[in-house]
Structures are given as C-alpha cells and as structure tokens.
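The values are calculated or read from the model by the stated rules, or taken from the named source; none is laboratory data. In this text the structure is predicted, and so the values were computed from the model without any measurement. Note: ideal-geometry Cβ built from the backbone for every residue, glycine included; neighbour counts use all protein chains shown. SASA here: full protein model, heavy atoms, side chains in, ligands and nucleic acids out. Shrake-Rupley method; radii C 1.70, N 1.55, O 1.52, S 1.80 Å.
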Amino acid sequence: MRVWLALALILALGYLTLHALAGDRSPLRSMERWGLSFGAGGGILSLGMFYLAYSGIPLSPANVLILTASLLGGLVVLWIVLARRTRRRRSSSSDPSQIVETLPLGHPLSSLEWTSLTVVGLCIVIVFADALSQPLLAFDARAIWAFKAKVLYFEQGIYNEAFLDADRLHAKTRYPQLIPLAETFIASVSGGFYEPAFKLLFPCFYVSLILLVGSELSRAFGRRYALLSTSLFASLPVFTIYANGGAASGYVDLPVAFYATALATRLFRWLEERSSGNLCLALLFASLTVFTKTEGLALVFIVFLATALAAWLLYGKPVRSLWPLPATALGALICLAPWFLYQARLPVVDEDFVRLLTLENLIGGLNRLPYILRSLGKEFFLKPHLWSFLGISAAALFLRSPKSAVRSRFSVLLWIPLLYVVVLCAIFMVIPWKLEELFPVVLTRVIMHIAPLLFLWICFELGNSGLLLRKNGLSHDS
C-alpha cells in the first residue's frame, strides 16, 4: 500500500507543478495534464533529492518526506494564489479562457472506439501484471539503475566510495540519476528497499506516454481516429512484451522516450500557439530528459535545433524572434549545473563520447557504416514482432510524397528522429565495442527513444494526406 502512496505523491506533485508552470497561459487539456503529471512529479522529486544530496544533506527517509511535504505545501499555496488571480482576471474580462475537452462525452462511443479503448486497457493490464509478476531480472535494470538506487538509499548520499572511487567499479558510473533517485523515493516512502516495487515506476511512465500521444492526436483529429491510433501505439510490442527494455523491464529507455516526447510536443505546441507556458514546460522536460540518461543531452540538442529550423523554414519566423529557444535550453542546463559539476568528479570507466567523437575517429569508423545502416534497416523493417509496421508505414508515407513529408508544418516530428539516427550512426562509428555484440542488446532500446515521435508523425501525415481522413481530420461524431 505504501508503494501506491509513493506513486500517488509523485502524480500529485507533478499535477501541481504543471499548474504552477503553465497556469492559464498554456491551457493543458485534461488528458494532456494527466499524461504529463507523473513524469513531471518524478523528475521534480528526483531533482530536489539530488540538490539535497549535493548540498550534503543526508537522503534519509525523514529528509525525503520533509522535502516532499515542503514541495507539496508550496505548490498548494501557489495553486491557491494563481486560482484567485485567475478568477479576478476572468471576472473583469468578457473573454473567459475555458478549456474545451478534446474527446466530448456527449457522443456515444462506436464499437470501433470501444474496441480501441479495450485494447489500450488490456495493454496496460498486461504491462502492470508483467511488472508485478517477477522481480528485477534484466541486467541494466539491476546493475545500473537499481544498484545506484541501493547506494543512494543505504549510503543516504552521493559522496561515497561506490560513486567516487574508480576501484569500486560498477556499470555506467557517470549516468544521470533521475530514475535511481525516484526508486530511492519509493523505498523511503514504502519503508524498505524492495526491488519489485521499483518496477511499478515504468508502467506508470507507459500509461503517461499513452495519454500524451493520445492527447496530441485528439487535438488534431476526430475521436475515432485518435482512439484507434492510440490503441495501435499502446499495443506496440516493443513497449508491452519486450523483456530487455519494455515497459515492465526496469530499463530507463521508456522514461527517456516519455521525456523526449514531452519536450518535443511542448515545443511543437509553442510553434503552433506561441505561448510562454509551453516554454516553461519545455524547460522542465528538457532538464529531466538530460537527467534521465546520457543520450538525453543529444536528444535535447536535436529537439531544440529541429524546432528552431522548423520555426524558421516552415513557420516563417525571423531568426531574431527565436531567442526564446536557446534561452529555454540554457535555462534547462543551468537547472542541472549541480549535476554537471558532480558528474565531472565521477571516474570515467566507460566510453567518453566527448573524446571519441572526433573527425579522425569518424573517418576511421567509416568502414562500420554499411553494417550500421544494414542493422538499422533490419531493425525498422524486419522486426514486426517488436515494431509492428512502424518502420514500413513511415517509409511508405515518406516515399509517397517526400516533399510533403519534410515540408509540412508537423514535419518537425520527423526531423527529430532522423537527426537522432544520424547522431546514433556517428556514435556507433566511434564506440569502442564490437557492433555485432552491441547491437542485439542496445539498438532496439535507443530507437525506442524517438519511436513515439515517429509514430505521431505517421499519424499526422496519414491523417492529413486524405487517404483515410478528410483534409482537416475526422469529425467527432464520425
């Protein structure tokens, strides 16, 4: 029961944080707010715990609970203040800002819509049942993330030999600590270090990602198409049954996918709406993306670069008006300054990409490129047991109209995956591992980071192509 209390606290904290950051400047729809809440809450708590540890304050259960209560109390007070200001503003204005739900309940659900909801529900039940049926068994889930959580919980801090002494070797010493800190929070609230409880974190991220994808689709299309597409996304085998990276595995690739998708969609909303509230949320999710896994830094750079290019080339914004994007990215990195300072003290016992990604190494790794491209092709097109028809659908839609694919207003959702694949190719060209041994265990997981964005692009492209929908999408009663 205490584990569920910890998850509820994470959700509540995230919900209040979103209200504080966005407020009525960027009205979040109900499904959107709930979809973002859990990830936001887990990230805020992890950052707060890291700041405590960085300051030398022990991460004892008592201190963790005091931090949680302080954050919740402060956000509740802020909620009350903002609510009063909003009521005064609306009472003096004849144009109240009301949020209209995307999926109106006044229209009865069709059999196809009920089937789609049933599929989503069954997938969620399967993932939670899988997570609860067995302890942490996957290697990375134990050797990287749960190990760090165990050190944080029992040592109650980050200044210890397990992290700082190179002779106390463990895997990926310099990896960010968002997930280990979130697992430490669960242990602190539940009263003990119980590894099976940690696995519940990841199905929660899975549900959040489903809600996030569904909310984006429901903004643009009718209820039937949004529900059907969301059910297809929820049932992707790579999320539901993949033992070495899926939603029940304890790997962090699903949380990375969630945070990267949250960041990209907030910036896409900013392109569409130009609201400062979306930039505030983008700053938060950019920080959390970087703090989740090393690849997050590359993802954040790519997302902001692609958004800037889209604003200039697709939306016709002058370059001088794009200053909020680098300012937001810089703000996200400043929030992580303590982490970067601490990370610089950690021993380097794995690959150092900053030193590896040189022109000389890239030229020397060109002989690897054919094998990398073949492996990517097999991953996208010859693994329907993991990706269903995701890669085939993306390729077919791109080839149908390449110009439209790269020039439509939502093509930024395609640019980000393409740029990320280019970066991955560069990394694989210089990484000091045998690719034949590396790819079977990592290639699927790194592609997972950008799979939700690629799926969203497919849905937008298909929905606006006229193949299945009218030009502006299905109506709600269709």
- Item | Neighbours by Cβ (under 7 Å, 6+ apart or cross-chain): first from region 161-190, in a helix (DSSP H, G or I); second among the charged types (D, E, K, R) | E161/R168; A162/E155; A162/R168; L164/R345; P180/K148; V189/R2; S190/R2
- Going through region 215-253 in order, the residues found to be of a type in the set (V, I, T) and part of a helix (DSSP H, G or I) are T230, V238, T240
- Taking L281, is it within 17 Å of the chain's Cα centre (by Cα), more than 26 Å from A141 (Cα to Cα) and touching a residue at least 12 places away in the same chain (Cβ under 8 Å)? yes
- Residues that are surrounded by 16 or more Cβ atoms within 10 Å (Cβ to Cβ) and over 20 Å from V422 (Cβ atoms), drawn from region 306-316: A311
- Item | Matching residues, region 323-360, being open to solvent by less than 70 Å² (accessible area, probe 1.4 Å), aromatic (F, W, Y) and modelled with pLDDT of 90 or more | W339, F340, Y342
- crowded, with 19+ Cβ neighbours inside 10 Å and either touching a strand residue (DSSP E or B) at 6+ places or on another chain (Cβ under 8 Å) or within 26 Å of E216 (Cα to Cα) (or both) - does that describe any residue in region 429-443? no
- Message: Being aromatic (F, W, Y), more than 24 Å from V290 (Cβ to Cβ) and part of a helix (DSSP H, G or I): is that true of F154 here?
- Response: yes
- Just name the residue that is most open to solvent (accessible area, probe 1.4 Å) out of those in region 370-385 that are of a type in the set (A, V, I, L, M, F, W, C) and at pLDDT 95 or above. L373
- Odd one out for D130 among (1) touching a residue at least 24 places away in the same chain (Cβ under 8 Å); (2) in a helix (DSSP H, G or I); (3) under 29 Å from A62 (Cβ atoms): (3)
- Message: Testing V151 on (1) aliphatic (A, V, I, L, M); (2) open to solvent by 30 Å² or more (accessible area, probe 1.4 Å); (3) closer than 15 Å to L59 by Cβ, one condition comes back false. Which one is that?
- Response: (2)
- Item | Odd one out for E295 among (1) farther than 20 Å from L424 by Cβ; (2) open to solvent by 10 Å² or more (accessible area, probe 1.4 Å); (3) within 15 Å of the chain's Cα centre (by Cα) | (1)
- Task: Within region 160-172, identify whether any single residue is surrounded by fewer than 18 Cβ atoms within 10 Å (Cβ to Cβ) and either of a type in the set (S, T, N, Q) or modelled with pLDDT of 95 or more (or both), and answer yes or no.
- Result: yes
- Restricting the search to region 265-277, which residues are buried (at least 24 other Cβ atoms within 10 Å of the Cβ) and within 13 Å of T328 (Cβ to Cβ)? R266, L267
- Task: Exactly one condition in (1) under 15 Å from L305 (Cβ atoms); (2) open to solvent by 20 Å² or more (accessible area, probe 1.4 Å) is not met by F389; state its number.
- Result: (1)
- Taking the residues in region 192-209 that are assigned to a helix (DSSP H, G or I) and open to solvent by 10 Å² or more (accessible area, probe 1.4 Å) as candidates, determine which candidate is nearest to G42 (Cα to Cα). C204
- Item | Count of region 52-83 residues which are surrounded by fewer than 13 Cβ atoms within 10 Å (Cβ to Cβ) and hydroxyl-bearing (S, T, Y) | 2
- Mind listing just one residue for me: the one in region 180-225 that is of a type in the set (S, T, Y) and over 30 Å from W114 (Cβ atoms) and, of those, nearest to the chain's Cα centre (by Cα)? T184
- Note on the structure: When every residue in region 379-400 that is among the small types (G, A, S) and under 23 Å from the mean Cα position of the chain (by Cα) is compared, the one nearest to G246 (Cα to Cα) is S388
- Restrict the check to region 23-37 and report whether at least one residue is of a type in the set (A, V, I, L, M, F, W, C), under 24 Å from E155 (Cα atoms) and buried (at least 19 other Cβ atoms within 10 Å of the Cβ). no
- Task: Would you check if L418 is open to solvent by 10 Å² or more (accessible area, probe 1.4 Å), part of a helix (DSSP H, G or I) and without any contact (Cβ under 8 Å) to a residue 12 or more places away in the chain?
- Result: yes
- Note on the structure: From the option list V290, V213, single residue qualifying as farther than 26 Å from L132 by Cα, modelled with pLDDT of 95 or more and buried (at least 22 other Cβ atoms within 10 Å of the Cβ) is V290
- Message: Given (1) open to solvent by 20 Å² or more (accessible area, probe 1.4 Å); (2) of a type in the set (D, E, K, R); (3) within 27 Å of A298 (Cα to Cα), identify the lone condition not met by E183.
- Response: (1)
